[in-house]
Amino acid sequence: MAELFIFTLLATIVAIYRVLPRYRQLRVTYTLWNKPIAGLLTALGLTVLVSYAGSIYLQNTDNTTLWSLKTAYTQSPIEITSLEIEFIQLAATITIMGVFLGVFLSKSVRIRNEQMLLSALRDLYNRGEYATLVEVLRDNYTPLIDHPEKPTPPSEQQWRDIDVTVTHTLIETEEAEELDDSSPLVEYVEEDNEEQSARERVRDTFELKRRQATYYLAMLRYRLADSAEDSSSYTETLLLDPELGAKYPIIDPGLGIDIILDIELDGFQRRDVTHQYLTTLLREKNSLLYQEISNNMTMDGIHRYRVNPDNRLLHALFSDCSRAEELDAYRPIGDTAKEMLRDQGTKEYDKYNAQRLTSVSRSKDYVFNDPIFVAISFFDIMVREALYQRIDWHMWLYYYESMTRLMCENYKNTEETDPDSEWPNDYSRFMYEMISNMGDLLRIMERMVENDEYDVTNEDGNYEEFIALESYRRNRGGTIPKSAVEIMLSCHQEILTTAEIPHQFKKYITEIIFTRCSELREYEEESLPWKYSEFMLKRLDAMIEGRPGSEYHRELESVYNDGVRHEIVAKGITGGWIVDELDELIQSS
């Protein structure tokens, strides 16, 4: 019966192995398949077999002991009876079972055979078993992705600089006796030794030995750490592979989030991997990016989205916007959106010239299934959060400008376009969203100035760099509020000079922008909001200056006199009068 129990335990190992996920089964190959552990398991297996044979022998003979040894140190001989055999057999079996269960069930395992791991990774990739491949990468995040940095030996020049004194001393002691006193070599050595004191030579020799010792100790720690240098290099290649890069963000988006959060990755192409990851998420509808953008529309206060920790991707990127800045998170989203717009413009039927996203029969959430709308929302969340976190540059809000330009190039009045609607087609909806978002950035600036809790001034009473408007210079770029003004007016110019865009929508956008300027003008003269309204007017002047009668000027004058001026007059009655300045800028003499 004891043997039956023993072999039942061994059969249990096999049964557990068969029901394990594939990635845990593979652990056996690269964790146990090395000489020490294989030797141990072989020895334990032989122990079980030998003890089993010994047990059979005792059961079929009249002997009560398998082996007896008399010693001078014990009064009675040492005997191995059937009881001891069964205990040995049980101990060996439990040890084997413990080894395997440790590999099967542990949260992480140590890689003891890198070649087997590398072979497994290549085999999974070649077979197209991407789900299992991603699970293996997650299971071995350290060291496949978070690989310990290999110590770098001091450069050859560093060794030479320290070693020069020691070398000169050796030349003098070992070779000088063989040379004549007039030898140039001896003269050189003597001059060198005169320049350096004995203390300096000792110091340099000590420094040489210290660096050597530090390097060798670092190499020892590296060898003892869980490392897989070749497999880690191959993993980096896999994550940058277009085929796998188009799969793993959907199979397991958590892997990309872990890489985004891991700021301590050394030597790993974290930025490139993140770019491919975000590109895939935008291209694949219903991906994690779409879900989180849709779930992250809750406002936290005024004009600020609440970046919910449950939205792991957005929280990883924007809970600390310096991380998004470091990874250039704007680039894959902006570039992919622009590429999609270019592709859309080459198609015989452009779906965005219809009203798919503005139809009243559609759910409000339907817009979050569209990649362009998601890209616009991504920038909106990122830039607002960056402004609240006092990032002092524009976070490439300028993608709104290039996206608007492409939309205007694609804009067509079709049977599905409604010129009299608030948003004649989906392109109109996109452009409205971008203009509105930039207007909200200026509202955030207002809030920060008005509310003492934000404390946006320094010790000298000047505004902090991230929000200040130091001058009205025409150079592009700078802070988020300044860039918002520049981009909003640039987008306005693109919209007004696009013949296909209905006149009514041009009026609508113009009114939004001028109303925003009027609201900023309500503040005390020379206050920061007032300065931003002045900056808007000066930028408008710069766009018209020297080009009176240009297409932009003509369109602007047309919409301004066709109802926009009336609305701005009505707004100015209660404060924020800018009609006189606009009349002077816009209306032809």
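The values are calculated or read from the model by the stated rules, or taken from the named source; none is laboratory data. Keep in mind the model is a prediction, meaning the values are calculated, not measured. All Cβ positions, glycine included, derive from the backbone under ideal geometry; neighbour counts span all protein chains shown. Keep in mind that these areas ignore ligands, DNA and RNA; they rest on the heavy atoms of the full protein, side chains included. Shrake-Rupley method; radii C 1.70, N 1.55, O 1.52, S 1.80 Å.
Among the residues of the range 571-589, those that are modelled with pLDDT of 90 or more and open to solvent by less than 50 Å² (accessible area, probe 1.4 Å) comprise ILE578, VAL579, LEU582, ASP583, LEU585, ILE586.
Results for (1) touching an Asp or Glu at 6+ places or on another chain (Cβ under 7 Å); (2) farther than 18 Å from ARG283 by Cα; (3) at pLDDT 90 or above, shown as yes or no for each residue.
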site	(1), (2), (3)
ALA324	no, yes, yes
ARG331	no, no, yes
ASP335	no, no, yes
GLN344	yes, no, yes
ASP350	no, no, yes
ASN353	yes, yes, yes
PHE368	no, no, yes
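Scanning the range 10-36 for residues that are open to solvent by 60 Å² or more (accessible area, probe 1.4 Å) and either in the same structural domain as LEU117 (by the TED database) or of a type in the set (Val, Ile, Thr) (or both) returns VAL14, VAL19.
The criterion of being surrounded by fewer than 16 Cβ atoms within 10 Å (Cβ to Cβ), under 24 Å from GLN269 (Cβ atoms) and out of contact with any strand residue (DSSP E or B) (no Cβ under 9 Å at 6 or more places or on another chain) holds for SER119. For the range 304-314, the criterion of being over 18 Å from PHE368 (Cβ atoms), crowded, with 16+ Cβ neighbours inside 10 Å and not hydrophobic (A, V, I, L, M, F, W, C) is met by at least one residue. May I ask you to list pairs of residues, at least six apart or on different chains, whose Cβ atoms are under 8 Å apart, with the first in the range 95-111 being free of Cβ contacts under 8 Å to residues at least 12 places away in the same chain and the second being among the aromatic types (Phe, Trp, Tyr) and buried (at least 16 other Cβ atoms within 10 Å of the Cβ)? Taking only residues 6 or more apart or on different chains, not a single pair turns up.
Please determine whether any residue of the range 210-230 is under 27 Å from ALA316 (Cα atoms), modelled with pLDDT under 95 and open to solvent by 10 Å² or more (accessible area, probe 1.4 Å). Yes. Only residues that are at pLDDT 90 or above, loosely packed, with under 13 Cβ neighbours inside 10 Å and over 18 Å from THR29 (Cβ atoms) were counted across the range 78-106, and they come to 1.
Here the helices (runs of 4 or more DSSP H) wholly within the range 349-457 that include at least 1 residues being touching a Leu at 6+ places or on another chain (Cβ under 6 Å) and of a type in the set (Lys, Arg) are 426-450.
Residue selection: MET382 fails the criterion of being over 18 Å from the mean Cα position of the chain (by Cα) and crowded, with 23+ Cβ neighbours inside 10 Å.
Restricting the range 58-68 to residues that are open to solvent by 70 Å² or more (accessible area, probe 1.4 Å) and over 18 Å from LEU4 (Cβ atoms), the residue that is modelled with the lowest pLDDT is TRP67.
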